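Enquirer: Sharing a structure below in structure tokens format, with a few things to ask.
The values are calculated or read from the model by the stated rules, or taken from the named source; none is laboratory data. Just so we're clear, the structure is a prediction, and the values are computed from it rather than from any experiment. Virtual Cβ from ideal backbone geometry, glycine too; neighbours counted across all protein chains shown. Keep in mind that these areas ignore ligands, DNA and RNA; they rest on the heavy atoms of the full protein, side chains included. Shrake-Rupley method; radii C 1.70, N 1.55, O 1.52, S 1.80 Å.
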Amino acid sequence: MKINKPEWVSHGESPIYSIHVRPNNSRLATGGADSKVKIWNMQCVVDENVPGPKMMWAGAHHNGAVNCVRWSPCGTYLATCSDDRTVAVLKFAGKFDYVPLGQKEANPETWEVYRQFQGHENDVLHCAWNGTGSMLASSGVDNFIFVWTLESQAPIKRLTANGMVKGVAWDPIGKYLAAQATGGEEKSANLWRIRDWQLEMKSTVPFNGAPDETMFLRLCWSPDGQQLATTNAFLKNKPVAALLDRGTGDAANGGAWENSTNMKGWTAPVTVAAYHPRLLYRNDQLDLVCALGGVEGKLVL
């Protein structure tokens, strides 16, 4: 495995809160505490000797820290969300070569705000597209999850959790929307059925005793939809990432989401889980790879 850390992918002195690679691997999007979204040339990220501009675009369409950036499955749109309580969807608007006011470098590309959604009452912490790109979920400090479509400025659904919703994830099979929430002493992973938006499962046991100070809780489904990797779990006074196994049918019909596996070895909370988007073939069998990151600043595969 080769790990490259391009120092020039930066938001100056401000921390980067989110990164996401475009599905065709051509662009890297970043969002940071400086209220900016930046789009980078992935060819240069992979190989710094590739000629051409490294940063393709930088914009400040938000008035607060940008907490999450997510490309749509088709790669046409880039969703961003911010402390300014809004969710924006960007779309490519052409190639130009100009220096925006307040910047030192030219923008080889232009990305415009295609949609801007309002409805959250406080900071928006996370956003995620469903598998087809037809719906976009956003979650925040106001305890709400909004579900949006590009056809309307109004949300098609508003869900309420037991506390601040710090992460959302769509089931790749298309049946559920998952979220992690923190509400005082109760911390939970929740599943809503997409067909009727009813809460099917609420898991609290893996998160008993977990700390409150985590800013994000970015959970992730395995590509086959059989596991949900949750963050900020706690086992015997040690931080872990808890895997919830998919049940069969609705909970009322005997389905279960058991915490059968925990990924250990942490001294501080796990805040991000990300599966490789494909099943990998290793040792003559299909396998899953999950990347985990946390407060202690290390990456574990």
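Enquirer: Report the label-to-label distance for LEU279 and LEU301 in nanometres (one decimal), using points 7 Å from each Cα along the Cα→Cβ vector.
Expert: Simple spin-label model gives 2.0 nm for this pair.
Enquirer: Run the helix sum for the chain: -39,500 (n - 2.57) per DSSP H stretch of 4+ residues, divided by residue count, reported at 222 nm to the nearest 500 deg cm²/dmol.
Expert: Theoretical 222 nm ellipticity from helices: -500 deg cm²/dmol.
Enquirer: How much length would be gained if the chain were fully extended between GLU112 and SER14, taking 0.36 nm per residue of separation minus their Cα-Cα distance, in nm to one decimal?
Expert: So the extension gain works out to 33.0 nm.
Enquirer: Pairs of Cα atoms under 8 Å, at least six residues apart: use those to get the relative contact order of the chain, whole percent.
Expert: Once divided by the residue count of the chain, the mean separation gives 8 percent.
Enquirer: Here's another thing I want to ask about it. Which residues in the range 203-235 have a backbone N closer than 13 Å to a point placed 7 Å from the Cα of GLU185 along the Cα-to-Cβ line?
Expert: 208-210
Enquirer: Pick out, in residue order, every one of the trypsin sites (Lys or Arg not before Pro) in the range 119-179 that is DSSP loop and has at most 16 other C-beta atoms within 10 Å; say none if there are none. It would help to have the intermediate numbers written out before the result.
Expert: Numbers: sites: LYS157, ARG158, LYS166, LYS175; in loops: LYS175.
Those that pass, being in a loop and sparsely packed, are LYS175.
Enquirer: Would you kindly calculate the mean projected area, averaged across all directions, of the convex hull enclosing the Cα atoms of the range 1-60, in square nanometres?
Expert: 4.4 nm²
Enquirer: Take the Cα pairs of the chain, get the Kirkwood Rh, then feed it into Stokes-Einstein at 20 °C and 1.002 mPa s and tell me D in µm²/s.
Expert: 108 µm²/s
Enquirer: Let me know the charge dipole size of the chain about its Cα centre in debye, to the nearest 20, where only the beta-carbon of Lys, Arg (+1) and Asp, Glu (-1) is charged.
Expert: Rounded to the nearest 20 debye, it is 400 debye.
Enquirer: While we're looking at this one, here's another question. Quick one: if you stick a label point 7 Å off each Cα along the C-beta vector at ASN4 and ARG195, how many nm between them?
Expert: So the label points at ASN4 and ARG195 sit 4.6 nm apart.
Enquirer: A further question follows. Assuming a ≥ b ≥ c are the square roots of the Cα gyration tensor eigenvalues, decide whether the range 210-301 counts as rounded (a/c under 1.5), prolate (otherwise, with a/b larger than b/c) or oblate. Spell out each step's value before the answer.
Expert: On the way: a/c = 2.06, a/b = 1.22, b/c = 1.69.
Here the range 210-301 falls in the oblate category.
Enquirer: Long-range amide H contacts for LEU235: which residues qualify at under 5 Å (H placed 1.01 Å from N, peptide plane, sequence gap of 5 or more or a different chain)?
Expert: Long-range HN contacts for LEU235: VAL240.
Enquirer: Under the rule that an exposed site lies in a DSSP loop and has at most 15 other Cβ atoms within 10 Å, name the longest stretch of the chain with no chymotrypsin sites (Phe, Trp or Tyr not before Pro) of that kind, not counting the sites themselves.
Expert: With a cap of 15 other Cβ atoms within 10 Å, the longest stretch comes to 9-196.
Enquirer: Over the chain, with every protein chain in place, what whole percent of the accessible area is carbon and sulfur at 1.4 Å, could you tell me? Don't jump to the answer; show the numbers that get you there.
Expert: Numbers: 7130 of 14460 Å².
Of all accessible area on the chain, carbon and sulfur atoms account for 49 percent.
Enquirer: So what is the relative contact order of the range 143-301, in percent, for Cα pairs below 8 Å that sit 6 or more residues apart?
Expert: 14 percent
Enquirer: Give the shape of the range 87-208 as rounded, prolate or oblate, defined through the alpha-carbon gyration tensor: a ≥ b ≥ c are the square roots of its eigenvalues, a/c under 1.5 means rounded, and otherwise the shape is prolate if a/b is larger than b/c and oblate if not. Could you put the intermediate results ahead of the total?
Expert: Details: a/c = 2.61, a/b = 1.92, b/c = 1.36.
Judged from the Cα gyration tensor, the range 87-208 comes out prolate (a/c at least 1.5, a/b above b/c).
Enquirer: Continuing with this model, one more query. Calculate the FRET efficiency for ASP224 and PHE96 from the Cβ-Cβ distance with a Förster distance of 51 Å, rounded to the nearest 0.05.
Expert: Between ASP224 and PHE96 the formula returns 0.75.
Enquirer: With N residues in the range 14-96, what two-decimal value do you get for its Cα radius of gyration over 2.2 N^0.38 Å?
Expert: Normalised Rg, Cα atoms only: 1.06.
Enquirer: When a/c reaches 1.5 or more, the comparison of a/b and b/c decides; with that in mind, is the range 252-301 rounded, prolate or oblate per its Cα gyration tensor?
Expert: oblate
Enquirer: Here's another thing I want to ask about it. Just in the range 1-52: which GluC sites (Glu not before Pro) are loop by DSSP and have at most 11 other Cβ atoms within 10 Å?
Expert: GLU7, GLU13
Enquirer: Write down the accessible area per residue of the chain in Å², having rolled a 1.4 Å probe over the full set of protein chains.
Expert: 48 Å²
Enquirer: Using 0.36 nm times the number of residues separating GLN43 and VAL205, minus their current alpha carbon distance, what extension gain do you get?
Expert: Going from the current span to full extension adds 53.9 nm.
Enquirer: With +1 on the Cβ of every Lys and Arg and -1 on the Cβ of every Asp and Glu, and nothing else charged, how large is the dipole of the range 196-301 about its Cα centre, in debye rounded to the nearest 20?
Expert: That gives a dipole near 380 debye.
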